[in-house]
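Here is the structure we will look at.
The values are calculated or read from the model by the stated rules, or taken from the named source; none is laboratory data. Here the structure is a predicted model, which is why all the values come from computation and not from measurement. Because the Cβ atoms are built from the backbone with ideal geometry, glycine has one as well, and the counts that use them run over all protein chains shown. Note: areas computed on protein heavy atoms with side chains; ligands, DNA, RNA excluded. Shrake-Rupley method; radii C 1.70, N 1.55, O 1.52, S 1.80 Å.
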Amino acid sequence: MKLPLTIAMTLTGALGLIAAGPIGLPQQQAPALTGGGYLQLAQAADQATMIREGGPLYTRNCVMCHGANGQGGDGPKLAGNDYMKAAGAVISQILVGAVEHGMPPFADALNDREIAAVTAYVMNSFGNSFGGNATPDMVKAQRGPGG
Ligand code: HEC
C-alpha cells in the first residue's frame, strides 16, 4: 500500500515542477489546471523561451542605441514605452526600421524566430510586462509575400 502512494506523490511533485519550472507559477496552481490551463501554460512557456532567446539578440543588435536597460540613447527608451504594448507594431519596427531616423531594418539580418524573440524580450524586459505572445508565425505573416 505504501508504493502506489509514493508513486502518486512523486508524479504530483513532478507535474508541479514542470508546471512551475519555466514561468515560475506557484506549485499549488498545477493540480488545478484544466485543458485550457494547459494550453495557456504551453503558450506562456513558449513566451518564456522567446524572451530568453531575445536577450542575447538584443545585446548584439539593439543595445548600442536603446541601452542595456532600455533607457535609450541614440534611439528612444524602450522601458515604460507604450509602443511596446503591441507586438505587431514592434515586429514592424524591427523588420522595417526607421532608416530616415537612424534605425536600420532587420528584415534580412534576423530570421522570423529571432525577430519574435527580440520582440518578446523588449515587451517584457526593463520593467515592461506587456506579454504579447510574439511568435515566428506573426513575423512571417508581417513580412508578407516575398518578404
Ligand atoms: C542604430 C541605432 C538603432 C539600433 C541598432 C536599433 N534601433 Fe530601434 N530605434 C532607433 C531610433 C533612432 C528609433 C526612433 C525611430 C523614429 O523615431 O522613427 C528607434 C525606434 C525603435 C522602436 C519604436 C519605439 C518608439 O517609441 O517609437 C522600437 C520598438 C525599437 N526601436 C526596437 C529596436 C530593436 C528591438 C532593435 C534591435 C533589433 C533596435 N531597435 C535597434 C535606433 C536604433
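Please enumerate the residues belonging to the stretch 62-71 that are of a type outside the set (A, V, I, L, M, F, W, C) and over 18 Å from GLU100 (Cα atoms).
Across the stretch 62-71, the qualifying residues are GLY67, ASN69, GLY70, GLN71.
Quick check, is LEU78 touching a residue at least 12 places away in the same chain (Cβ under 8 Å) and in a helix (DSSP H, G or I)?
no
Anything in the stretch 82-92 that is open to solvent by less than 20 Å² (accessible area, probe 1.4 Å) and out of contact with any Ser or Thr (no Cβ under 7 Å at 6 or more places or on another chain)? List them, or say none.
Residue satisfying the conditions is MET84 alone.
When you scan the stretch 101-140, how many residues do you find that are of a type outside the set (A, V, I, L, M, F, W, C), over 13 Å from the mean Cα position of the chain (by Cα) and within 21 Å of ASN81 (Cα to Cα)?
Result for the stretch 101-140: 5.
If you go through the stretch 60-76 one residue at a time, how many are open to solvent by 100 Å² or more (accessible area, probe 1.4 Å) and either near the ligand (Cβ under 8 Å from one of its atoms) or over 14 Å from ASN128 (Cβ atoms) (or both)?
3
Are any of the residues in the stretch 45-52 surrounded by 15 or more Cβ atoms within 10 Å (Cβ to Cβ), within 16 Å of the ligand (Cβ to nearest atom), at pLDDT 95 or above and β-branched (Val, Ile, Thr)?
yes
Kindly provide the set of residues from the stretch 98-122 that are more than 9 Å from the ligand (Cβ to nearest atom), open to solvent by less than 40 Å² (accessible area, probe 1.4 Å) and in contact with a Leu (Cβ under 9 Å, 6 or more places away or on another chain), ordered by number.
Within the stretch 98-122, ALA107, ALA117 qualify.
Taking into account only those residues within the stretch 83-92 that are in a helix (DSSP H, G or I) and more than 8 Å from the ligand (Cβ to nearest atom), which is farthest from the chain's Cα centre (by Cα)?
Per the criteria, the residue is SER92.
Which of the numbered conditions does LEU95 fail, given that it passes all the others? Conditions: (1) in contact (Cβ under 8 Å) with a residue 40 or more places away in the chain; (2) open to solvent by less than 50 Å² (accessible area, probe 1.4 Å); (3) assigned to a helix (DSSP H, G or I); (4) within 27 Å of GLN40 (Cα to Cα).
If we test LEU95 against (1) in contact (Cβ under 8 Å) with a residue 40 or more places away in the chain; (2) open to solvent by less than 50 Å² (accessible area, probe 1.4 Å); (3) assigned to a helix (DSSP H, G or I); (4) within 27 Å of GLN40 (Cα to Cα), just (4) comes out false.
Please state which one of TYR83, TYR38 is within 17 Å of SER129 (Cβ to Cβ) and free of Cβ contacts under 8 Å to residues at least 12 places away in the same chain.
TYR83
Would you please name the residue that is modelled with the lowest pLDDT, looking only at residues in the stretch 127-142 that are open to solvent by 50 Å² or more (accessible area, probe 1.4 Å) and on the phi > 0 side of the Ramachandran plot?
ASN133
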